[in-house]
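One structure is given below, encoded as structure tokens.
The values are calculated or read from the model by the stated rules, or taken from the named source; none is laboratory data. In this text the structure is predicted, and so the values were computed from the model without any measurement. A quick note on method: Cβ atoms are made from the backbone with ideal geometry, for glycine too, and the neighbour counts reach across all protein chains shown. Each accessible area value is taken on the protein alone, full model and side chains, heavy atoms only, with ligands, DNA and RNA left out. Shrake-Rupley method; radii C 1.70, N 1.55, O 1.52, S 1.80 Å.
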Amino acid sequence: AAYRRLRVLQERGMVRGERVFYEMPGVYRVTERGARLAGVGLPPPRRDLPRLRHTLEVLELSWKIRSQEGVVEWVSEREIRRDKLAARRERRTGRMTAGSRAGRTPDGIAILRSTEEVAVELELSFKRAAGYRSIFSDYEAQVASGEVDGIWFYLASPKALQRVRELSERHSSLDGRLCFGLYEPVFRRGL
């Protein structure tokens, strides 16, 4: 049924299906026409091959998160960026306001039944310690300002999870707001 629906959407010019990787399922991307019809205020996504694997894994993770009890909505990274950009623009001129800073943009936000907004991060590869310290510092500021209520951090390896958890201990203001989980990647490493 899903394939038939996608085929009809493709015939009507709403989506474009393409094979990106050898021996992998095709990827469907919304077209300009489909984006306008959806009315979400976003252009069609660019074809970004270096980030495609991460994007697909975040999509899979978002489905798992949405199926959890108490999660009522998922906001994608593209929607978050759109909203942050709009908030930074002057209302009269549309120019960026002086001194405004966007801060860290998570891979998504899970909105809970309790109205809490939880930033979601998926790490498929390990960063340097300085990178994680910067991420945690940004989230400390976002928690303090009320921009997010918590952070769910998913990592693809138990070793990385343990290391990042240890690095987070230096950021005591995130105690009780930071949860870690192990994520089993769905797509092959060859992507």
_It is to be established whether one or more residues within segment 42-54 are in contact with a Lys or Arg (Cβ under 9 Å, 6 or more places away or on another chain), outside any helix (DSSP H, G or I) and in contact (Cβ under 8 Å) with a residue 40 or more places away in the chain._
yes
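Suppose we filter segment 150-178 for residues that are farther than 22 Å from S62 by Cβ and open to solvent by 20 Å² or more (accessible area, probe 1.4 Å); how many remain?
Step one: of segment 150-178, the residues farther than 22 Å from S62 by Cβ are 158-159, 162-163, 165-176.
Going one step further and asking which of them are open to solvent by 20 Å² or more (accessible area, probe 1.4 Å), we end up with 158-159, 162-163, 165-166, 169-170, 172-173, 175-176.
Residues flagged as farther than 22 Å from S62 by Cβ and open to solvent by 20 Å² or more (accessible area, probe 1.4 Å) within segment 150-178 amount to 12.
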*Name the one entry in G103, G94 that is over 22 Å from G131 (Cβ atoms), modelled with pLDDT under 95 and either out of contact with any Ser or Thr (no Cβ under 9 Å at 6 or more places or on another chain) or not in a helix (DSSP H, G or I) (or both).*
G94
*asked:* Given the condition at pLDDT below 90 and either surrounded by 14 or more Cβ atoms within 10 Å (Cβ to Cβ) or aliphatic (A, V, I, L, M) (or both), answer yes or no: does some residue in segment 6-16 qualify?
replied: no
*Evaluate segment 63-71: report whether one residue or more is surrounded by fewer than 11 Cβ atoms within 10 Å (Cβ to Cβ), more than 22 Å from the chain's Cα centre (by Cα) and either modelled with pLDDT of 90 or more or not charged (D, E, K, R) (or both).*
no
*asked:* If R33 meets every condition in (1) under 16 Å from the mean Cα position of the chain (by Cα); (2) not in a loop (DSSP other than H, G, I, E, B) apart from one, which number is that one?
replied: (1)
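In the set E184, E147, E117, which member is open to solvent by 60 Å² or more (accessible area, probe 1.4 Å), under 19 Å from L56 (Cβ atoms) and of a type in the set (D, E)? Working first, answer last.
Values: E147 fails: under 19 Å from L56 (Cβ atoms); E117 fails: under 19 Å from L56 (Cβ atoms).
Going through E184, E147, E117 in turn, just one is open to solvent by 60 Å² or more (accessible area, probe 1.4 Å), under 19 Å from L56 (Cβ atoms) and of a type in the set (D, E): E184.
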